[in-house]
Amino acid sequence: MQNESTSSKQNVNDNLDFNLIIHMNSLISLLKQFICSGCNKRWDGSTTIKERNGLYIQLEFMCNHCGFLTRLYSSPKMRNGRRHEINVRLAIGGSLNLPPPVQEHKYREVQEFILNYVETAQEQPMIDAVYDAISEAGDVEDLTENHECQLNFIGASGAMEKEMIYEMFCRSLPKYDIKYISYIGDGDAKVHKYLTTNPPYPGVTIRKLEDTNHFAKRMLSCIKKIKQENKNTILSDGKKINGKGRLTDGDAIKFKIYFAKAIRESKTDLDKLYEKSWAIFNHHYSTDIEPMHDWYDPQWCKYLQAKSNGQQFTRNSRLAIPRACLDLIKPAFLELCSKTSLARVVGGGSQNANEAFHSLLWTMVPKHRFCSSTILRTALGLSTIIYNDGYSSLDKLFTSVFSSIGYFSAECFGRLHTARKSLTSKVKKRRKKVQQQQQQQQ
């Protein structure tokens with residue numbers, strides 16, 4: 001015990017008992033300044049990685065003159081096992097026994113240094129994205145903007161969104177030489193009113209397009225509100241709205257899903273959208289005695305399929321929502337499925353692209369954690385580059401900063417880029433399949 005204690009104290013007092021991060025090329029450059037013990041000539045040879053396990057690595061250096069081998073083990077083994085100390089330290093919370101990090105003011109200087117490169121690198125992907133959008137719009141330099149705040153703001157929180165969006169519109173001409181003539185927004189009317197009363201472009205009226213996803217979610221909100229307000233109300237059939245065989249939360253979610261599908265498939269045709277929206281309600285309200293299938297799609301309506309085949313169709317009454325429950329939630333359909341209300345989503349769009357960008361951004365700077373504006377701007381720049389051009393585009397950024405991206409960094413970014421392309425390809429195929437089905441229906 002005494003010997004172990006003495007050894008422990010000696011290790012603590014040993015100022016060389018620590019791990020160090022060294023670039024491989026620096027190590028090899030150092031070796032070339034020494035004499036080989038096998039041939040007494042200045043060492044000039046090759047380096048081979050014989051083993052790599054986590055952060056542990058075993059290197060083998062061979063002299064080209066005499067073939068003498070020298071081995072380097074980057075970390076010692078644990079006393080009571082085959083595991084290496086560096087990997088065990090990593091597993092117990094990252095106590096890697098490294099020298100202290102840079103001082104805070106030096107770290108901030110490095111952040112500013114990186115930010116300059118990132119902001120320079122992000123400009124070209126943003127410009128390319130703008131011209132891609134112009135090309136998709138038929139070379140029309142008047143675009144639809146998905147409005148989302150990306151900058152800090154000093155002032156009342158209620159005025160932040162409209163002020164920042166107004167600034168984004170105003171800078172589009174000097175920065176990209178384009179005009180945003182419309183934007184996709186949710187139910188908030190403050191932004192549109194502000195852009196109307198303070199037009200960013202002379203003689204151009206900004207049009208607001210409804211976000212179809214937000215609009216469809218209102219169906220679920222309305223039904224849940226009606227259920228909550230009438231949870232103790234006795235309906236016309238003598239029962240309450242909740243309970244077994246009544247209107248469940250799962251049914252409310254299905255109404256929202258069907259409504260969103262109807263909007264996506266018919267958002268360019270108001271009459272067709274009106275019919276598909278009310279077909280959702282009529283489908284559940286229909287009975288064998290009083291069928292209501294006028295606006296149904298034969299592809300999913302079993303009644304119309306049976307009728308076309310000359311067969312008798314009998315509805316499963318056990319799965320049907322009682323008419324008393326449907327009568328109670330009908331005001332939600334009257335409010336959202338009127339032609340006046342549905343006209344708001346005709347030609348509408350989706351903010352899914354913004355949500356995807358934000359998801360990428362939040363992996364770098366989680367929104368529930370505080371970070372400095374420098375880190376946030378750096379994360380915004382990196383997210384913009386990756387979102388527009390993929391992980392492989394970071395090669396140019398790293399090369400401009402470090403003169404080389406590095407072997408393992410290039411391999412990591414390559415794998416991430418391949419995975420991203422694979423996912424994007426699957427999404428495109430799924431969308432193409434849906435579009436083909438819609439064209440066949442038309």
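The values are calculated or read from the model by the stated rules, or taken from the named source; none is laboratory data. Not measured: the values here are computed from a predicted model. Neighbour counts run over all protein chains shown; Cβ positions are idealised from the backbone, glycine included.
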Which residues, taken from the stretch 200-227, are farther than 19 Å from Thr340 by Cα and among the basic types (Lys, Arg)? Lys224, Lys225, Lys227
Which numbered condition trips up Asp271, out of (1) assigned to a helix (DSSP H, G or I); (2) surrounded by 15 or more Cβ atoms within 10 Å (Cβ to Cβ); (3) modelled with pLDDT of 75 or more? (2)
Residue list for the stretch 63-86, restricted to those being surrounded by 15 or more Cβ atoms within 10 Å (Cβ to Cβ) and not in a loop (DSSP other than H, G, I, E, B): Cys63, Thr70, His84, Glu85, Ile86
Any idea which of (1) farther than 26 Å from Ser404 by Cα; (2) in contact with a helix residue (DSSP H, G or I) (Cβ under 6 Å, 6 or more places away or on another chain) is the one Gly54 doesn't satisfy? (1)
Quick check: is even one residue across the stretch 292-302 in a helix (DSSP H, G or I) and under 41 Å from the mean Cα position of the chain (by Cα)? yes
List every residue pair whose Cβ atoms sit under 6 Å apart, with the two residues 6 or more apart in sequence or on different chains, where the first one lies in the stretch 385-399 and is assigned to a helix (DSSP H, G or I) and the second, anywhere, is surrounded by fewer than 17 Cβ atoms within 10 Å (Cβ to Cβ) and of a type outside the set (Ser, Thr, Tyr). Tyr387/Leu360; Asn388/Ala129; Tyr391/Leu416
Among (1) more than 16 Å from the chain's Cα centre (by Cα); (2) free of Cβ contacts under 8 Å to residues at least 24 places away in the same chain; (3) assigned to a helix (DSSP H, G or I), where does Thr363 come up short? (1)
Output the qualifying pairs, or none if there are none: Cβ atoms under 7 angstrom, residues six or more apart or on different chains, first residue in the stretch 242-263 and buried (at least 18 other Cβ atoms within 10 Å of the Cβ), second residue among the aromatic types (Phe, Trp, Tyr). Ile263/Phe215
Looking at the stretch 196-212 only, could you name the residues that are within 24 Å of Ile253 (Cβ to Cβ) and in contact with a helix residue (DSSP H, G or I) (Cβ under 7 Å, 6 or more places away or on another chain)? Thr212
Would the stretch 259-266 turn up any residue that is out of contact with any Lys or Arg (no Cβ under 7 Å at 6 or more places or on another chain) and hydroxyl-bearing (Ser, Thr, Tyr)? no
Of the residues Arg246, Arg264, which single one is part of a loop (DSSP other than H, G, I, E, B) and outside the structural domain of Gln122 (by TED's automatic domain parsing)? Arg246
Given (1) at pLDDT 85 or above; (2) surrounded by 12 or more Cβ atoms within 10 Å (Cβ to Cβ); (3) within 30 Å of Lys276 (Cα to Cα), index of the condition Ala353 fails: (1)
Of the numbered conditions (1) buried (at least 17 other Cβ atoms within 10 Å of the Cβ); (2) under 19 Å from Arg344 (Cβ atoms); (3) out of contact with any helix residue (DSSP H, G or I) (no Cβ under 6 Å at 6 or more places or on another chain), Lys193 satisfies every one except a single condition; which is it? (1)
Of the conditions (1) surrounded by fewer than 16 Cβ atoms within 10 Å (Cβ to Cβ); (2) assigned to a helix (DSSP H, G or I); (3) at pLDDT below 85, Phe370 clears all except one; give me its number. (2)
In the stretch 401-441, which residues are modelled with pLDDT of 85 or more and of a type in the set (S, T, N, Q)? Thr418
I'm trying to understand the selection: among the residues of the stretch 166-186, which are over 20 Å from Gln122 (Cβ atoms) and of a type in the set (Ser, Thr, Tyr)? Tyr166, Ser182, Tyr183
Tell me which residues, restricted to the stretch 165-178, are part of a helix (DSSP H, G or I) and either surrounded by 18 or more Cβ atoms within 10 Å (Cβ to Cβ) or not aliphatic (A, V, I, L, M) (or both). Ile165, Tyr166, Glu167, Met168, Phe169, Cys170, Ser172, Pro174, Lys175, Tyr176
Restricting to the stretch 179-233, and then to whatever is modelled with pLDDT under 85, part of a loop (DSSP other than H, G, I, E, B) and within 28 Å of Lys330 (Cβ to Cβ), can you tell me which residue is farthest from the chain's Cα centre (by Cα)? Ala189
